[in-house]
Amino acid sequence: MSDTSAAEPRHEVNLVVNGVPRSATVPARRLLSDFLRHDLGLTGTHTGCEHGVCGACTVLVTGAGRSDDEGVSGRPIRSCLQFAVMYDGAEITTVEGCTRPDGELGPVQQAFQDCHGLQCGFCTPGFVTTITAYLEENPSPSEEEAREAISGNLCRCTGYQNIVASVLRAAELKSEEVGG
Amino acid sequence: MTTRSLGEPVARREDPRLLSGQGRYVDDIGTGALEVAFVRSPHAHARIVDIDVTGALDVDGIVAIYTHEDLPGRVGEPLPLLIPHDALTHGRTPYPLAKDEVNHVGEPIVMVVATDRYVAEDACDRIQVEFDFLPPVVGIEVARDAEHLVHDDVPGNVAARLVQESGDARAAVAQAPHVLELDLEIERSASMPMEGKAVFARWDADDTSLRVYTSTQASTSVRAAVAAKLELPADRVEVVAPDVGGGFGVKIVHPWPEEILVPWAAVTLGREVKWTEDRREHFVSSAHERGQLQHVKVGFDSEGRLHGLDVTIWHDNGAYTPYGIIVPIITTTQLLGPYKPGAYRAECFSLYTNTVIVTPYRGAGRPQGCFAMERTMDAIADHLGLDRAVVRERNFIRPDEMPYDHGLVFQDGRPLIYDSGDYPASLDKLKKLIGWDEFDDYRAAARAEGRQVGIGMACYVEGTGVGPYEGGFVKVETDGSVVVATGLTTQGQGHQTAFAQIVADELGVPVEKVTVTTGDTRRFKYAVGTFASRAAVMSGNAVALAARNVREKALRIAGEALEADPRDLEIVDGIVQVKGTPGATVPLSTVAVLSNPLRYAFDEETQRATQFATPGDPEKPPVAEDDEPGLEGTDYYSPARSTFANGMHAAIVEIDPDTAEISILRYCVVHDCGTLINPRIVEGQIHGGVAQGVAGALYERMVYDDAGQLLNASFMDFLMPYATEVPRIEADHLETPSPLNPLGIKGAGEAGVIPGASVLASAIEDAEGFRISRMPISPSELYELRQRHERREQNTTNTKDSR
Ligand code: FES
Ligand code: FES
């Protein structure tokens, strides 16, 4: 008998994703990215490397351990480097949750369409979540700051120029909303 | 008039879906399917002595374990050699699961099917494979020396020897007033799309049909391959390329072993089966490209005009040649760029090594060819003390010399004839954009501040839109919406928008009414694939032709309804009307209803087409003999030859005098891809291409050790650029419409990447004052070169005037 020959022990994980309480029972080694994608069916979160480098799997989290740095929409984490069981009780926002309540594109998403900030769209969910969190911290970045803000995410299609423009455009859209 | 959308920066139709997490990539489909993992070779070259799977059998959740011996009939046979060529005398392709021998790290040996990927990987860990080691052949020099062979029956490791010749280059060089020789090198990189490969297969035993979703650039051809290998009738196999997370060439290769094995397992097990490649797998089992050694011998006169060019290339094709010698063919032809070479000879040896296969990556041999030619141009300018732009201009093919026949055979098997282009005008634009003529002042000012700067340029010509053909289907529905299908696939190029723009304009409907499907054999059966910057040219023209047929039919039917001559009709915003006489109109939705005589009605609109509502001429059949029901049309576009786009890049770099760190201060692009369908999409293609060009010049390489282990097979170690590494791109363009196709389009997909290594080598060389002949280049390598240069070692190694 080996450790893997018996059925793996499973754990119930309860959390709130995009404002909706969700729950699934999974092995302890289930990655948060796989949990969101395959157990909860939220396939908007993508995995481009599964070793924490590309940022495609970035989601926003509040709760779960750290409470010191919670923004309005949560802090960005790389869900491919986390186990789902660590997020029992947490609140998570994925790219699906970055839309407006009526399902229309949210400001960051709209900015990407306006600026042609995506091509194949595979990296895009990680950028949308990353930028959403960033603009909470810095609502009116300069071009240089915008470039810096996205410099932890890989995109193979766009050459980043239009993503930088998307960050600036998103800031503009958000401030218009706040302002008016 | 309907607002014209061709040529407008229309926002992409696919974006809302992709932006809100509603995209569907292969791994998003098939929840609950069985999942596959592979035992892959940890060795570069070895014989398989024994495979012991017993340790894996008691892993909970294992469904099946397969080795080569388990594969029946054609499933286990070597994969097809997709593009045979006379020069490829020793083509070799792999078995889907290795038989007896492995030839590179990553080659699949055992396939495990389990309830999920975690369990499948557990089982893989418990499978023991015993190997007898063989000497690995790694690196072009080692392959060329051929002390050891990759394949026992391939002498000298030479898969192919390709010669391209026009005139007597050797004699021309020998007689030229000046001769230079250059030894050049480009290292390997890879397409590296953010989504790796993935295959999901569903067998319907009741319907005896198979549906395969695969992250491919060629779904119709995968279908043919799967049907042939699994010995199923082709019409029982459907292949769909859903959303694809980037391709850049690697996904044009097919069938990958997994594209045969996963569908076969689905049929065999009667279960849904899925495989999603992880990043390490992608590094060690998907394709790479670029690696070449080049020797250039060029003869020229005192004006810098080429008399003869004699090039020898050693090309690393990796362990197998499933995609033939397309990359060598492209390098040896597209090397010529916008220039007249005088007499030309290129000889390319395509060599086996015990590394991952080499097949097209965006640019597909052109960056290497461009490197050879552009390094040569700079060397000539340096030798004669001439401006680098002047030497280029003197060798340009002039606009009045178009069409220009190089007397060679291109990658489509057709003559290499440039159709159009205005290279002097492009150069002029580029020089103005970057401030070429003012750079000396800038350099002097920078020098006064202790800064070291340099400027470079590089030109290319790209054969795009290669045949044989693509097709398009256009249908107006009875609600006035328009559906379009074409067989080739999409990996981010915005086809759902660009093709909609074309059809909207041809038909006279708003672009929002048009929905486009690509890469789905259920919707369009005939296609070639998305590669060689061909999609816009091929499918763009095909859907335009199909839409023209539909328009003609719509006008005919509307003419009958309005009792008007179809020639007097126009379609504006989806309404057919008599030109200049407002009043008599009929919407396309009604025309669609009228085009399909009905017995049964299912809504108010269709009641108008039923047999008692429109009795018609009782003497004629409801559908005329030469007609078909429905307001739809299919057509194909098949060009005689490729159409040739061109462009020129210039860059200004600053290099740290102490650390040799290289920063790109400006990067300027002038490109000409004929008529633009959507300038915003084209600009995006240029940006993405330039990023990959810069990556190949300064960052990316595949680091193999002598044993054939890929040492940097992760995003931690393979330096794919982030936003902070890619310069801001300044672009300008010319539009020289292609005379070869109805829309005047030339391809744009690969343009940005081609001159990347060349232009940066040129700029770095200019900044440093010594020859750069090997790319990519890191700061430490540049530092090393500086030291060697200071020790005066540099001048003898790379360039010598043999006069
Ligand atoms: S998948 Fe790449 S960082 Fe998580
Ligand atoms: S849009 Fe394709 S990877 Fe970023």
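The values are calculated or read from the model by the stated rules, or taken from the named source; none is laboratory data. Computed from a predicted model, the values in this text were never measured in an experiment. Here the Cβ is made from the backbone with ideal geometry for all residues, glycine too, and neighbour counts use every protein chain on show.
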Exercise for review: Say whether the condition of being within 16 Å of ligand 2 (Cβ to nearest atom), closer than 21 Å to B:R728 by Cα, crowded, with 24+ Cβ neighbours inside 10 Å and under 14 Å from the mean Cα position of the chain (by Cα) is met by at least one residue in the range A:155-173.
Suggested key: no
Review point. What are the residues in the range B:680-717 that are of a type outside the set (V, I, T) and within 15 Å of ligand 2 (Cβ to nearest atom), if any?
Key: B:R680, B:E683, B:G684, B:Q685, B:H687, B:G688, B:G689, B:A691, B:Q692, B:A695, B:F715
Exercise for review: Could you list all residues from the range B:343-385 that are surrounded by fewer than 24 Cβ atoms within 10 Å (Cβ to Cβ) and in a strand (DSSP E or B)?
Suggested key: B:A343, B:R345, B:E347, B:F349
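Which residue is farthest from the other protein chains (Cβ to nearest Cβ), if the candidates are limited to the range B:1-25 and must be outside any loop (DSSP other than H, G, I, E, B) and touching an Asp or Glu at 6+ places or on another chain (Cβ under 8 Å)?
Taking the range B:1-25 as the starting set, the residues that turn out to be outside any loop (DSSP other than H, G, I, E, B) are B:15-19, B:25.
Pick out the ones that are also touching an Asp or Glu at 6+ places or on another chain (Cβ under 8 Å) and you get B:18, B:25.
Values: B:L18: 3, B:Y25: 7 Å.
Checking each candidate, the answer is B:Y25.
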Practice item. For B:A225, indicate whether it is away from ligand 1 (no atom under 16 Å from the Cβ), within 30 Å of B:G494 (Cα to Cα) and of a type in the set (A, V, I, L, M, F, W, C). Key: yes
Point to revise | Flag for A:S23 being more than 16 Å from ligand 2 (Cβ to nearest atom) and either within 14 Å of A:I77 (Cα to Cα) or at pLDDT below 95 (or both) | key: no
Practice item. Within the range A:157-171, identify whether any single residue is out of contact with any Asp or Glu (no Cβ under 8 Å at 6 or more places or on another chain) and away from chain B (no Cβ under 13 Å), and answer yes or no. Key: yes
Practice item. Please find, among A:V128, A:V95, the residue that is farther than 22 Å from B:A691 by Cα and either more than 16 Å from ligand 1 (Cβ to nearest atom) or out of contact with any strand residue (DSSP E or B) (no Cβ under 6 Å at 6 or more places or on another chain) (or both). Key: A:V95
Exercise for review: Could you grab me the full set of residues in the range A:140-154 that are within 18 Å of the chain's Cα centre (by Cα) and not in a helix (DSSP H, G or I)?
Suggested key: A:I150, A:S151, A:G152, A:N153, A:L154
Check your understanding: Is there any pair linking a residue in the range B:565-579 that is touching a residue at least 24 places away in the same chain (Cβ under 8 Å) to one that is among the charged types (D, E, K, R) and buried (at least 18 other Cβ atoms within 10 Å of the Cβ), with Cβ under 8 Å and at least six apart or on different chains, and which?
Key -> B:I571/B:R551; B:G574/B:K513
Practice item. Kindly provide the set of residues from the range B:635-666 that are more than 23 Å from the chain's Cα centre (by Cα) and in a strand (DSSP E or B), ordered by number. Key: B:D635, B:A650, B:A651, B:I652, B:V653, B:E654, B:I655, B:I662, B:S663, B:I664, B:L665, B:R666
Exercise for review: Being in contact (Cβ under 8 Å) with a residue 12 or more places away in the chain, hydroxyl-bearing (S, T, Y) and surrounded by 17 or more Cβ atoms within 10 Å (Cβ to Cβ) is the filter here, so list the residues in the range B:94-121 that pass it.
Suggested key: B:Y95
Review point. Could you say whether any residue in the range B:34-48 is more than 27 Å from the chain's Cα centre (by Cα), within 14 Å of chain A (Cβ to nearest Cβ) and at pLDDT below 95?
Key: no
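Please determine, by comparing only the residues of the range B:179-209 that are more than 30 Å from B:V694 (Cα to Cα), surrounded by fewer than 23 Cβ atoms within 10 Å (Cβ to Cβ) and of a type in the set (A, V, I, L, M, F, W, C), which one is nearest to the other protein chains (Cβ to nearest Cβ). Steps first, answer last, please.
Kept after step one, since they are more than 30 Å from B:V694 (Cα to Cα), are these residues of the range B:179-209: B:179, B:199-209.
Those still in the list that are surrounded by fewer than 23 Cβ atoms within 10 Å (Cβ to Cβ) too: B:179, B:202, B:204-209.
Checking the rest, the ones that are also of a type in the set (A, V, I, L, M, F, W, C) come to B:179, B:205.
Numbers: B:V179: 39, B:A205: 25 Å.
In this case the residue turns out to be B:A205.
What do you reckon, is A:V85 facing another protein chain (nearest Cβ under 10 Å) and outside any loop (DSSP other than H, G, I, E, B)?
Working: facing another protein chain (nearest Cβ under 10 Å): no; outside any loop (DSSP other than H, G, I, E, B): yes.
No, not satisfied.
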Check your understanding: Condition test on B:E700, is it in contact with a strand residue (DSSP E or B) (Cβ under 9 Å, 6 or more places away or on another chain) and part of a loop (DSSP other than H, G, I, E, B)?
Key -> yes
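Considering only residues that are within 7 Å of chain A (Cβ to nearest Cβ), assigned to a loop (DSSP other than H, G, I, E, B) and either touching a Phe, Trp or Tyr at 6+ places or on another chain (Cβ under 9 Å) or touching a residue at least 12 places away in the same chain (Cβ under 8 Å) (or both), which ones fall in the range B:709-738? Working first, answer last.
So in the range B:709-738, the residues within 7 Å of chain A (Cβ to nearest Cβ) come out as B:714-716, B:720, B:722-724, B:726, B:728-729.
Next, from what is left, pick out any that are assigned to a loop (DSSP other than H, G, I, E, B): B:714-716, B:720, B:722, B:726, B:728.
Matches in the range B:709-738: B:S714, B:F715, B:M720, B:Y722, B:V726, B:R728.
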Practice item. Could you please find all residues in the range B:1-46 being surrounded by 20 or more Cβ atoms within 10 Å (Cβ to Cβ) and charged (D, E, K, R)? Key: B:R12, B:R13, B:E14, B:D15, B:D27, B:D28, B:E35, B:R40
**Study point:** Conditions (1) of a type outside the set (A, V, I, L, M, F, W, C); (2) within 12 Å of chain B (Cβ to nearest Cβ); (3) closer than 29 Å to B:P9 by Cα: number failed by A:E50
**Key:** (3)
Point to revise | Number of the exception - B:E195 against (1) acidic (D, E); (2) within 16 Å of ligand 1 (Cβ to nearest atom); (3) not in a loop (DSSP other than H, G, I, E, B) | key: (3)
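Quick one: which of A:A149, A:A111 is surrounded by fewer than 24 Cβ atoms within 10 Å (Cβ to Cβ), at the interface with chain B (Cβ under 10 Å from one of its Cβ atoms) and away from ligand 1 (no atom under 16 Å from the Cβ)?
On the way: A:A111 fails: surrounded by fewer than 24 Cβ atoms within 10 Å (Cβ to Cβ).
Going through A:A149, A:A111 in turn, the sole match is A:A149.
To keep it simple, each residue is scored yes or no on (1) in contact (Cβ under 8 Å) with a residue 40 or more places away in the chain; (2) in a loop (DSSP other than H, G, I, E, B); (3) not assigned by TED's automatic domain parsing to the domain that holds A:T45.
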{"site": "A:I92", "(1), (2), (3)": "yes, no, no"}
{"site": "A:L105", "(1), (2), (3)": "no, yes, yes"}
{"site": "A:F112", "(1), (2), (3)": "yes, no, yes"}
{"site": "A:C120", "(1), (2), (3)": "no, yes, yes"}
{"site": "A:G126", "(1), (2), (3)": "yes, no, yes"}
{"site": "A:T132", "(1), (2), (3)": "yes, no, yes"}
{"site": "A:E136", "(1), (2), (3)": "yes, no, yes"}
{"site": "A:V164", "(1), (2), (3)": "no, no, yes"}
{"site": "A:A170", "(1), (2), (3)": "yes, no, yes"}
